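Working notes, beginning with the structure itself.
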Amino acid sequence: MKRIVITFLSLLLLISCKESEADKKAVLTESNGKINNVSIIIDENLWNGEIGDSLRKKFAAPVDGLPNEEPMFNLNQYPTKIFEGFVRNSRNVIVVEKSNQSGFSSKKDEFAKPQQVFYIVGKNKDEILATLEKKANEIIQSIKEGEIIENQVRLKKAAIKDQKVRDKFGVALTIGHGYKYDMVENNFLWIRKEFSTGYNSILVYEMPINVIENDSNVVRNIVKMRDSIGKQFIHGTLDNTWMATEEDYAPNFFNISIAGRKTYETKGGWYLKNDFMAGPFINYAIKDVKNNRFLVLEGFTYNPSKSKRDLVFELEAIIKSVKFLK
């Protein structure tokens, strides 16, 4: 009988703990913060020294592929004594402090949802710097992935219909409010959002596999491909103007995966031949072996003399929302 009572009490305690955790998650407030903003919780004496320099160098490094230097993240520093309220509810938080222990940990949805909190602690400056050096890339990748998801969530709230994309290319795409179909051809779509200082554009088309992989110089083949598309479809208001790839700087090139498929990611600059318009582009050539093609999703931005980071990031979020339907 005693053993039964003990077992029953243990079961009650286990259920109570699980309910407590569930209740905690249920009452989490919604996290706050603009896209690509990070709250750094660190005291002034550390922020104004070598540790702060290291944080800025790593997390506010220039974004690849933009014509002007713009930081990867906007960093907002707060001392540990005010780590509460809206700061505690920030979507991306990095806590750096001296402690009697050393190490690194990360937690999801600790104070709000969605949220990522990263803890970097050390007994002295050198231990903190060593952990930063070791874990910075991991933190950056995790924040980027989280911000893509957050951007997609925001886009879904007022998405336009992607039926033309589905009908022509057999894929679904989350296209945010304000975008309109600017050009619809048999195997080509130009989707554009205009705003007061410029516009964002998305191109959707497909290419035979051997157009991109006909030799080992994939970057050159992608540039040649997008230049031919630009000359055929993307023209300025003046005669004899078309979009081409910036020739003075080699584009950034990466091998990644999108929707479980091998993808070539190319980032660089575009300009309008015989005109003065220019800006950044991102090109994703997704290898679709089943349909014997490369599906090409490209985004480009025109926003002269203004920030372009978050505009390009929105294009990246739209492109990476792609889902193959066949």
_Just to verify a number: FRET efficiency for Lys81 and Asp109, C-beta to C-beta distance, R0 = 30 Å, to 0.05?_
0.80
*Taking amide H positions as placed 1.01 Å from N in the peptide plane, with prolines and chain starts having none, which residues 5 or more places from Ile258, or on another chain, fall under 5 Å of its amide H?*
Thr263
*Taking a 1.4 Å probe, which of Glu213, Glu30 shows the most accessible area, and what order do the others take after it?*
Glu30, Glu213
*[x] 1.07; [y] 1.03; [z] 1.09, with the label sought being that of the calculated Rg/Rh (Cα atoms, Kirkwood Rh)*: [x]
_Backbone HN-Hα couplings from phi across the stretch 190-197 [Karplus 6.51/-1.76/1.60, Hz, Gly and Pro as x]_ = 10, 10, 9, 10, 9, 9, 4, 10
*Which FRET efficiency, nearest 0.05, do Glu138 and Leu238 yield, Cβ-Cβ r, R0 56 Å?*
0.70
*asked:* Give me the extension gain from Asn37 to Lys290: residue separation times 0.36 nm, minus the current Cα-Cα distance, reported in nm with one decimal.
replied: 87.2 nm
*Roughly what % antiparallel, to the nearest 5, for the DSSP beta bridges in the chain?*
75
_Added length on full extension, which subtracts the Cα-Cα distance from 0.36 nm per residue, Tyr249 to Lys231_ = 4.5 nm
*State the extension gain, in nm to one decimal, for the chain segment bounded by Asp64 and Asn48, taking 0.36 nm per residue of separation less the distance between their alpha-carbons.*
3.1 nm
*Membrane-span-like helices in the chain: DSSP H runs reaching 30 Å or more (Cα, own axis), mean Kyte hydropathy at least -0.5?*
2-26
_All lysines inside 24 Å of Lys161 as judged from Cα atoms, apart from same-chain residues fewer than 8 positions distant_ = Lys180, Lys193, Lys320, Lys323, Lys326
_Size of electric dipole in the stretch 84-176: Cβ of Lys, Arg +1 and of Asp, Glu -1, about Cα centre, debye, nearest 20_ = 440
_Structure-based [θ]222 nm, the chain - -39500 (n - 2.57) summed over DSSP H runs of at least 4, per residue, nearest 500_ = -11000 deg cm²/dmol
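Any idea what the dipole of the chain comes to, in debye rounded to 20, about its Cα centre with Lys/Arg Cβ at +1 and Asp/Glu Cβ at -1?
1260
The values are calculated or read from the model by the stated rules, or taken from the named source; none is laboratory data. The structure displayed is predicted, hence computed values, not measured ones. A quick note on method: Cβ atoms are made from the backbone with ideal geometry, for glycine too, and the neighbour counts reach across all protein chains shown. Remember, those area values only see protein heavy atoms, side chains included, never the ligands or the DNA or RNA. Shrake-Rupley method; radii C 1.70, N 1.55, O 1.52, S 1.80 Å.
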